[in-house]
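To start, the structure itself, in structure tokens.
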Amino acid sequence: MQIARAESLARPSGSLALLGSRRFGPLFATQFLSAFNDNALKNALVLMIAYRADAGGALSSGLLIPLAGGLFILPFFLCSASAGALADMSDKARLTRIIKGIEIAVMLAAAAGVIAGSTTILLALLLAMGIEAAFFGPIKYAILPDLLEPRELLLGNALVEAGTFLAILLGTIAGMLIATGHGEITVAALIILVALAAWAASLMIPSTPRAAAPVPFQWNFAAATARLIGTAAERPVPFRAMLGISWFWLAGALYLSQFPSYVRFVLGSEEAVVTLFLAVFSVGVGAGSMLCNRLLRGRISARTVPWGMLGLALFSIDLWAASPEPQASAGLTAIGAFLAVPANWRILADLFGIAVAGGVFIVPLYALLQTASDERRRARTIGANNVINAAAMVLSAVVTMALVAAGISVSGLFLLTGVASLAVAALFWRLAPGLSAESRPARLKAAET
């Protein structure tokens, strides 16, 4: 036993070693490719709605684009409870392969919809993609403690988080190919190939033990979801981690949704600057995630959490201070002209700082959520987290629309986000010692002795 433990602890655990390992590499590739496909198809659909003549039939693009986002997120409310229960009572690797096999069929149908230029078909398939993502969501985080050593868990979460945001960036850019010559064929072929690659990667994920006995499937989704969240709230550490993660997604959703308006109406710049902002934000979250692992040296702790939120708050406030008045930016300037203005580099630095701080904030919370959860209900706990995250993003959209309707500027939204984040940082400063102390399971303590 001692020799086995020593050999386990002697495994190389650097980023490249972990990415190249059979234990983690296939899972990382599967989730990366799936996130890429989700965002490529969503962005292609949004561009089709916005720019194709057939998108403006009975409903305007102003209604269809929010509808697309709503259709994708709705299954997280309806299916997360059942998805978590199914993952807990299944071999998570086998279940992943089934889900990724279904994804191939969905993407084949989506490819036909892209080529046909049918927004109706793609909206229906976006709902199917949301269901598939809702069932995969609890697996990709709940499986990590089964595949990784405790000392590798923080790095694994950092890599998943960094990979997810990089996939969002690349998928969004890939979706823009719909606007090029023969874009429909290109996007259709791409999403099919990526779906096949994700399924192939899933075949190499190691099998995992079942954590729970089979439970009856509950068709009353509302009652199942309420029961799921109620059970999760009984354990303070995981539930507080969920609330922290949800604040990150609430703030992140606000920023991502306001990039186009900020670039167009405040900075007076062209669409390429929006892509630049998304790239800076995505790279920043990845850099912050990896920085968190380096700061904590693989030790699962909440001590970086309040510092991360404080950084997000201060950079948000400085972004407001650095923003020009909307009237100061006349016309649409190209990306080269935007970068030629020294003041704009401060805006980019603030945006990068917000994202880095967000990565430092969120990665320990995911690790705490995994290690402090009941091992038999870990996937269901992740499912509860997904429900709360989805609710936070919907709340972000509703509050943002209300504030904009009340006359708050985009820069003012950033200021309010920063001020509110100061309160969140203060709260986690109070909670951090208890989170770290209460979340250390026996398996983790044994691995560190």
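Looking at the structure I just gave you, is Leu193 surrounded by fewer than 16 Cβ atoms within 10 Å (Cβ to Cβ), modelled with pLDDT of 85 or more and either not in a helix (DSSP H, G or I) or not hydroxyl-bearing (Ser, Thr, Tyr) (or both)?
On the way: surrounded by fewer than 16 Cβ atoms within 10 Å (Cβ to Cβ): yes; modelled with pLDDT of 85 or more: yes; either not in a helix (DSSP H, G or I) or not hydroxyl-bearing (Ser, Thr, Tyr) (or both): yes.
Spelling it out, Leu193 is indeed surrounded by fewer than 16 Cβ atoms within 10 Å (Cβ to Cβ), modelled with pLDDT of 85 or more and either not in a helix (DSSP H, G or I) or not hydroxyl-bearing (Ser, Thr, Tyr) (or both).
Filtering the range 380-422 to residues that are of a type outside the set (A, V, I, L, M, F, W, C), assigned to a helix (DSSP H, G or I) and crowded, with 18+ Cβ neighbours inside 10 Å leaves Arg380, Thr381, Gly383, Asn385, Asn386, Asn389, Ser396, Thr400, Ser411, Thr417, Gly418, Ser421. Condition (residue is surrounded by 22 or more Cβ atoms within 10 Å (Cβ to Cβ), under 23 Å from Pro75 (Cα atoms) and among the small types (Gly, Ala, Ser)) applied to the range 136-145: is it met by at least one residue? Scanning the range 136-145 turns up at least one residue that is surrounded by 22 or more Cβ atoms within 10 Å (Cβ to Cβ), under 23 Å from Pro75 (Cα atoms) and among the small types (Gly, Ala, Ser).
Count of the range 338-353 residues, restricted to those that are over 12 Å from Val280 (Cβ atoms) and loosely packed, with under 15 Cβ neighbours inside 10 Å, is 3. Here the range 1-21 is the region considered, the condition is being assigned to a loop (DSSP other than H, G, I, E, B) and modelled with pLDDT under 50, and the residue that is surrounded by the most Cβ atoms within 10 Å (Cβ to Cβ) is Arg11.
Within the range 22-44, residues that are surrounded by fewer than 22 Cβ atoms within 10 Å (Cβ to Cβ) reach partners that are not in a helix (DSSP H, G or I) with beta carbons closer than 7 Å, at six or more positions or on different chains, in the pairs Arg22/Met204; Arg22/Pro206; Arg23/Leu148; Arg23/Pro206; Pro26/Met204; Pro26/Ile205. Evaluate the range 259-276: report whether one residue or more is touching a strand residue (DSSP E or B) at 6+ places or on another chain (Cβ under 8 Å) and surrounded by fewer than 20 Cβ atoms within 10 Å (Cβ to Cβ). There is at least one residue in the range 259-276 that is touching a strand residue (DSSP E or B) at 6+ places or on another chain (Cβ under 8 Å) and surrounded by fewer than 20 Cβ atoms within 10 Å (Cβ to Cβ). For Ala174, the requirement of being free of Cβ contacts under 8 Å to residues at least 12 places away in the same chain and among the aliphatic types (A, V, I, L, M) is not met.
The values are calculated or read from the model by the stated rules, or taken from the named source; none is laboratory data. Remember, it's a predicted structure, so these values are computed and weren't measured experimentally. Because the Cβ atoms are built from the backbone with ideal geometry, glycine has one as well, and the counts that use them run over all protein chains shown.
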